[in-house]
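Below is one structure, written out as structure tokens, with a few remarks after it.
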Amino acid sequence: GSWCPAPLCRGRALQRIPPGAACAVGRPPRWASSFSQSGPTASDPSEGQVFLSESCVKRLLEITEGSEFLRLQVEGGGCSGFQYKFSLDTVINPDDRQGQRGGARVVVDVDSLAFVKGSMVDFSQELIRSSFQVVSNPQVEKGCSCGTSFSVKF
Amino acid sequence: GVCFSDLVGVTFFRLHERPEEEPHILLECDSGVLDAIQKHLKLYKIRRKVNIAPCLDLSLWAVVPGERAGDITSSFAKCADQAVILTPDPRTEVMGWRLITKKGANLSEIIPGSHIGNIQDYHRHRYKQGIPEGVKDLPPGVALPLESNLAYMNGISFTKGCYIGQELTARTHHVGVIRKRLLPVHFSAPLPEDGIPEGAEILTESGKSAGKFRAGGGEVGIALLRLANINEPLCLNIAGNKVKLTARIPEWWPKPTSK
């Protein structure tokens, strides 16, 4: 195959995997947690789920090709202590949890999921920018005005 | 010096010499918060591939020049490779150098002509200069970075972007007025036997509040004082006894530029 950087993935060149072979080398993905818009279907619901808005699904169907999905991660940093990071990815790891709605896929690793469970991922289009955002995160104590950084209630 | 949102006054030393090398950083902190700092770092680490561990095999030293030291930096160069780190104290020149060695290292080989002093003398030196260090001087959640003079001690970056408290710190530094600061104070005898409690109210002669005592030893210490009151005679009331003290501006503070 050929090396092709995914547009939102910083500094990481990803190999395009032909459709049908969506999962990376190694073990098969854990489909144990399946996010869905209506009602929990996860076999391990304590890990949590993330919901996808209609605009998020629509945008992902527009921009993803082949086996690409939206990856949501939480990192330390930002003005409130933690920050969300979105990227396009094609590699699923054993500690990833994934869900889909309307054919759009979002993947969150289990550590990040602890910070975002119960949230919704939205694609918001505003004058200042259009971007994927995490909205209504029940664990957030306060967020910054640009929506990237947050602190959690403990 | 560096501050985390709650903890003020932790110092970083970079071990790796070039940016291409894997970063290897030593962090100096009050032994009382060793666990808290590790927990704090791990909380924000999440998935980053960073190892965080206490260095129980290392010793930390302050190298403070005596009165007749002259220029000793030339002798450092020859012995520096025996030290893990030997670097000027990043806070201010008056604190000399920071030395990190393997435990049990022979100091007189690393710093010829040096002798190991009393830790109480180190603290006295700090308090005389008004240099806070550790959780006693900088209580977590109480000590504020700018009032603690972190900006004078290279403890705050105003160019690094977002961190917790960045907006308030940057705004106050650039636009706001800092009315109180930690300053060295000197007590006149006699001193109360049990020392002076943290938070003890300091008053002007007319009984107005001028600030609060923070920490010290013997006749020296540091106090958070209103800058408007520091040239007046001040006092404390301890168990009914009045204790007089004076404050001064440390020489190592930046001099105000005349406008």
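At least 2 residues being open to solvent by 70 Å² or more (accessible area, probe 1.4 Å) and within 14 Å of chain B (Cβ to nearest Cβ) is the threshold, and among the strands (runs of 3 or more DSSP E) wholly inside the stretch A:101-154 those reaching it are A:140-143. Within the stretch B:115-132, restricting attention to residues that are in contact with a strand residue (DSSP E or B) (Cβ under 6 Å, 6 or more places away or on another chain) and not in a helix (DSSP H, G or I), the residue that is surrounded by the fewest Cβ atoms within 10 Å (Cβ to Cβ) is B:132.
Scanning the stretch A:108-131 for residues that are under 22 Å from residue B:43 (Cα atoms) and without any contact (Cβ under 8 Å) to a residue 60 or more places away in the chain returns A:108, A:109, A:111, A:112, A:115. Residue B:214: closer than 20 Å to residue B:134 by Cα, touching a residue at least 24 places away in the same chain (Cβ under 8 Å) and of a type in the set (D, E, K, R), yes or no? Yes, satisfied.
Restricting attention to the stretch B:27-69 and to residues that are within 14 Å of chain A (Cβ to nearest Cβ) and in a loop (DSSP other than H, G, I, E, B), the residue that is surrounded by the fewest Cβ atoms within 10 Å (Cβ to Cβ) turns out to be B:49. Contact annotation: residue pairs with Cβ atoms under 8 Å, 6 or more positions apart or on different chains, pairing a residue in the stretch A:76-89 that is facing chain B (nearest Cβ under 7 Å) and open to solvent by less than 10 Å² (accessible area, probe 1.4 Å) with a partner that is assigned to a loop (DSSP other than H, G, I, E, B) and of a type in the set (Ser, Thr, Tyr), are A:81/B:5.
Filtered by the rule that a residue be surrounded by 20 or more Cβ atoms within 10 Å (Cβ to Cβ) and either away from chain B (no Cβ under 14 Å) or not basic (Lys, Arg) (or both), the stretch A:56-75 gives A:56, A:57, A:59, A:60, A:67, A:68, A:69, A:70, A:72, A:73, A:74. The residues on offer are B:181, B:171, B:98, and the sole one that is assigned by the TED database to the domain that holds residue B:225, closer than 29 Å to residue B:255 by Cβ and in a strand (DSSP E or B) is B:181. Kindly establish whether residue B:214 is surrounded by 12 or more Cβ atoms within 10 Å (Cβ to Cβ) and outside the structural domain of residue B:41 (by the TED database). Spelling it out, residue B:214 is indeed surrounded by 12 or more Cβ atoms within 10 Å (Cβ to Cβ) and outside the structural domain of residue B:41 (by the TED database).
The values are calculated or read from the model by the stated rules, or taken from the named source; none is laboratory data. Note that the coordinates shown come from a computational prediction; the quantities given were computed from them, not determined experimentally. Backbone-built Cβ (ideal geometry, glycine too); neighbour counts: all protein chains shown. Side chains are part of the model used for accessible areas, which takes the heavy atoms of the whole protein and leaves out ligands, DNA and RNA. Shrake-Rupley method; radii C 1.70, N 1.55, O 1.52, S 1.80 Å.
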